[in-house]
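Step one of this worksheet: look at the structure below.
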Amino acid sequence: MLLAIDNVLTEEELAAANALLAESAWVSGLVTAGTQAAKVKNNQQLPEDSPQMAVLRRLVLGALNRNALFFTATLPKKIMPPFFNRYSGKTNHYGFHVDNAMRMLPDGGGYVRADVSATLFLSDPQTYDGGELVINDTFGQQSVKLQAGSMVIYPSSSVHQVTPVTRGERIACFMFIQSMVRDPDQRRLLYEMDMALLQLRQNIGETEAVVSLTGTYHNLLRQWAES
Ligand code: NI
């Protein structure tokens with residue numbers, strides 16, 4: 001499932017994040033690439049020991065924590081601490097690759113299984129050319145370039161690329177999510193059911209049938225989720 005989540009960051013958070021990133025020093029993006037990805041990766045990344053990293057991560061994770069759509073679409077069990085990258089000048093693209101399935105936490109304290117990948121766009125799309133996130137999956141090829149502060153989530157199993165940025169710079173935040181529901185088809189069913197229930201609740205209120213179906217949603221989640 002590929003889903004855009006608009007306005008994950010408020011205007012204030014977006015401005016704060018971009019101000020921090022403007023004063024940051026960048027390093028080669030190869031530091032977190034797997035062997036296959038390293039051959040096609042040509043961008044820059046915020047280093048793990050960057051003084052801005054902790055504040056930026058808190059800001060993004062705080063925004064995700066209050067986002068109901070993000071929760072229901074990903075059912076997060078673990079979130080890999082977000083990374084930040086920049087595409088500009090000569091380091092301006094990331095060719096077709098797959099994300100590593102298991103990612104070690106930056107502190108070395110175990111692994112996160114990447115079920116869902118997420119890109120949070122931080123640059124105004126009017127300020128750069130290129131830099132589309134192109135995702136190939138069972139749903140075909142999708143090209144994504146969102147407003148600053150908005151996020152796309154997509155299966156970590158998909159082959160994807162970031163096309164060359166030919167003007168300006170594209171700064172984004174990316175992360176990997178291990179879901180409580182490992183199977184993407186089950187996750188999608190739960191998401192669609194939850195969204196339909198939300199609509200029913202708005203349209204007809206908490207009728208007996210809506211309450212009963214809500215129970216079914218939670219019982220399915222109980223069957224399929226690992227906490
Ligand atoms: Ni990737």
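A few comments on the model shown:
- Annotation for region 97-116: no member residue is outside any strand (DSSP E or B), within 16 Å of the ligand (Cβ to nearest atom), open to solvent by less than 10 Å² (accessible area, probe 1.4 Å) and among the polar types (S, T, N, Q).
- Residues (surrounded by fewer than 20 Cβ atoms within 10 Å (Cβ to Cβ) and over 15 Å from the mean Cα position of the chain (by Cα)) located in region 77-90: S88, G89, K90
- Candidate set from region 52-92 (those that are in contact with a Gly (Cβ under 8 Å, 6 or more places away or on another chain) and part of a strand (DSSP E or B)); member that is nearest to the ligand (Cβ to nearest atom): N85
- Condition check for S212: small (G, A, S) and closer than 18 Å to K77 by Cα: no
- M53 falls short on exactly one of the conditions (1) under 14 Å from the mean Cα position of the chain (by Cα); (2) open to solvent by less than 20 Å² (accessible area, probe 1.4 Å), and that condition is (1).
- Any hit, region 152-167, residues being more than 16 Å from the ligand (Cβ to nearest atom) and outside any strand (DSSP E or B): no
- Hey, G149 in a loop (DSSP other than H, G, I, E, B), surrounded by 15 or more Cβ atoms within 10 Å (Cβ to Cβ) and at positive phi or not: yes
- Just one of the listed residues (S143, S158) is open to solvent by 70 Å² or more (accessible area, probe 1.4 Å), within 24 Å of L64 (Cα to Cα) and either in the same structural domain as E13 (by TED's automatic domain parsing) or touching a Leu at 6+ places or on another chain (Cβ under 7 Å) (or both), and it is S143.
- Taken over region 148-174, the criterion of being under 20 Å from R113 (Cβ atoms) and charged (D, E, K, R) is satisfied by no residue.
- Checklist (1) over 14 Å from F174 (Cβ atoms); (2) within 16 Å of the ligand (Cβ to nearest atom); (3) open to solvent by less than 10 Å² (accessible area, probe 1.4 Å) applied to A38, failing item: (3)
The values are calculated or read from the model by the stated rules, or taken from the named source; none is laboratory data. What you see is a predicted model, and the numbers here were worked out from it, not measured in a lab. When we count neighbours, we look across all protein chains shown, and the Cβ atoms used for this are built from the backbone with ideal geometry, even at glycine. Accessible surface areas use protein heavy atoms only, side chains included; no ligands, DNA or RNA. Shrake-Rupley method; radii C 1.70, N 1.55, O 1.52, S 1.80 Å.
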